[in-house]
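The values are calculated or read from the model by the stated rules, or taken from the named source; none is laboratory data. Bear in mind that the values here come from a model prediction, so they are computed numbers and not experimental data. Heads up, the Cβs are rebuilt from the backbone with ideal geometry, glycines too, and the neighbour counts pull from every protein chain shown.
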Amino acid sequence: MWPWGHLAVAYLFYTVVTHRRFGRPPRAWPAIALAVGSQTPDLIDKPLAWNFGVLPGGRTLAHSLFVVACLVPAVLLVADRLEDRAIGIGFLIGYCSHLLADIPPAVLSGEFAHAAYLLWPVLEQPPEDPVAGILDAILHYYALGPYEWVQFALFAIAALVWYRDGMPGLGLLSAPLERRLGIES
């Protein structure tokens, strides 16, 4: 899945949860943590596999449920120490939604080998075409088929929902930039 697809899935899930549980849209810092979490598995695995050759594929270490089992208590411990568990939960929802969104549609028809990355290194990484870095992946590895168009649609829906929610997180990110550029509101 492309980065914007992961972000869309994470935000749509998170906003539904916060609206149902708290009766309000997501708060700014948890929304930013959610966005970061939704990208983290790929930011770890893909460079380590494609650029440095340390991992056997772009969905291994950070995509493994064994890493999640260690990550969840660690993130919650740090969030509790910082006295804002909602930020940690936002990050974890983004991270875990990434892993679920990476499960290819073929799994629905019983081809579970494509989700073996979830149990890496116990199960072998499903074969993937060799990639000579991030730029090569963008130019050659991914194709624009129906699955990718669905991701664009999800992103458009998520962007509209995010706008309706008051664009949580945008003010925290734009204020320092405006100060640096000398823009007055």
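If you go through region 5-64 and keep only what is within 14 Å of the chain's Cα centre (by Cα), more than 14 Å from residue 159 (Cβ to Cβ) and of a type in the set (Val, Ile, Thr), you end up with 32, 36, 40, 44. Beta carbons closer than 7 Å, at least 6 apart along the sequence or on distinct chains, pair a first residue in region 1-27 that is charged (D, E, K, R) with a second that is assigned to a helix (DSSP H, G or I) for 24/18; 27/86.
Going by the conditions given, is residue 98 over 9 Å from the mean Cα position of the chain (by Cα), over 16 Å from residue 159 (Cα atoms) and surrounded by 22 or more Cβ atoms within 10 Å (Cβ to Cβ)? Before you say what the answer is, go through the steps one by one.
Values: over 9 Å from the mean Cα position of the chain (by Cα): no; over 16 Å from residue 159 (Cα atoms): yes; surrounded by 22 or more Cβ atoms within 10 Å (Cβ to Cβ): yes.
No: the conditions fail for residue 98.
Scanning region 9-31 for residues that are assigned to a helix (DSSP H, G or I) and touching a Gly at 6+ places or on another chain (Cβ under 8 Å) yields 10, 14, 28, 29, 30, 31.
Residues checked against (1) in a helix (DSSP H, G or I); (2) on the phi < 0 side of the Ramachandran plot; (3) touching a strand residue (DSSP E or B) at 6+ places or on another chain (Cβ under 7 Å); (4) modelled with pLDDT of 95 or more:
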position	(1), (2), (3), (4)
33	yes, yes, no, yes
38	yes, yes, no, yes
49	yes, yes, no, no
58	no, yes, no, no
67	yes, yes, no, yes
74	yes, yes, no, yes
79	yes, yes, no, yes
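When region 47-70 is filtered for residues that are buried (at least 19 other Cβ atoms within 10 Å of the Cβ) and touching a residue at least 12 places away in the same chain (Cβ under 8 Å), the ones remaining, listed by number, are 49, 50, 57, 58, 59, 60, 61, 62, 63, 64.
Looking at residue 86 and the list (1) within 20 Å of residue 171 (Cα to Cα); (2) out of contact with any Lys or Arg (no Cβ under 7 Å at 6 or more places or on another chain); (3) surrounded by 14 or more Cβ atoms within 10 Å (Cβ to Cβ), which single condition is not satisfied? All conditions are met except number (2).
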